[in-house]
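Below you'll find the structure, written out as structure tokens, and then a few comments.
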Amino acid sequence: MSRIGRLPIAIPAGVTVEIAENNVVTVKGPKGTLTKELPTEMEIKKDVDTIVVTRPNDLKKMKSLHGLTRTLINNMVVGVTEGYKKVLEVNGVGYRATKSGNKLTLSLGYSHPVEMIDPEGVETVLEGQNKITVQGIDKEKVGQYAAEIRDKRRPEPYKGKGIKYSDEVIRRKVGKTGKK
């Protein structure tokens with residue numbers, strides 16, 4: 001039995017979960033509403049304050065989908081109650097970020113400024129000129145947008161310049177040494 005899949009999902013107060021046909025799950029909470037279509041093979045049962053996901057048989061595909069389905073529902077519940085956020089740091093001389101409206105402008109040493117518009121449901125907040133916080137209720141969208149921002153200038157191993165996650169550790173390399 002899947003260790004993650006068989007865990008019940010607790011529904012906190014103020015959160016409503018509706019399961020429609022074809023396993024379309026809608027979660028409403030204080031921060032917003034999320035809807036996701038989940039694999040139809042899984043059986044999603046709702047009790048008073050918990051949700052349990054069961055699988056029809058022990059095929060490898062069903063085992064995989066079991067844990068995935070449970071985690072996706074749990075991420076939706078956590079998203080509408082607490083929300084998700086990722087913190088990015090911009091390191092490097094002259095590298096900075098500015099924000100106007102929903103447009104994030106990054107100066108990353110290119111000949112032009114890099115402009116990015118926040119996708120729907122995701123918001124970026126600047127702390128100073130070098131700390132970007134990406135936040136929202138959908139874990140997938142928050143992670144995807146944070147990865148897209150990071151891809152504009154990945155951290156390099158020699159000087160550590162670039163955009164990195166705040167909890168990311170950059171393995172540094174030693175540069176060239178002169179001839180003797």
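Miscellaneous remarks
- If the condition is being of a type outside the set (Ser, Thr, Tyr), open to solvent by 40 Å² or more (accessible area, probe 1.4 Å) and at negative phi, then the stretch 91-103 contributes ASN91, VAL93, ARG96, LYS99, ASN102, LYS103.
- Qualifying residue in the stretch 3-19 (condition: assigned to a loop (DSSP other than H, G, I, E, B), of a type in the set (D, E, K, R) and loosely packed, with under 14 Cβ neighbours inside 10 Å): yes
- Breaking point among (1) β-branched (Val, Ile, Thr); (2) farther than 15 Å from THR26 by Cα; (3) in contact with a strand residue (DSSP E or B) (Cβ under 9 Å, 6 or more places away or on another chain), for THR50: (2)
- Every residue from the stretch 55-67 that is under 30 Å from GLY14 (Cα atoms) and free of Cβ contacts under 8 Å to residues at least 40 places away in the same chain: LEU65
- Residues within the stretch 131-140 that are open to solvent by less than 50 Å² (accessible area, probe 1.4 Å) and among the acidic types (Asp, Glu), tallied: 1
- The stretch 104-130, residues that are open to solvent by 70 Å² or more (accessible area, probe 1.4 Å) and under 22 Å from the mean Cα position of the chain (by Cα): GLU115, ILE117, GLU120, GLU123, GLU127, ASN130
The values are calculated or read from the model by the stated rules, or taken from the named source; none is laboratory data. Given the structure is predicted, the values throughout are model-derived calculations rather than measurements. Here Cβ is always computed from backbone atoms with ideal geometry, including for glycine, and neighbour counts include all displayed protein chains. Calculation scope for accessible area: heavy atoms of the full protein, side chains included, ligands and nucleic acids excluded. Shrake-Rupley method; radii C 1.70, N 1.55, O 1.52, S 1.80 Å.
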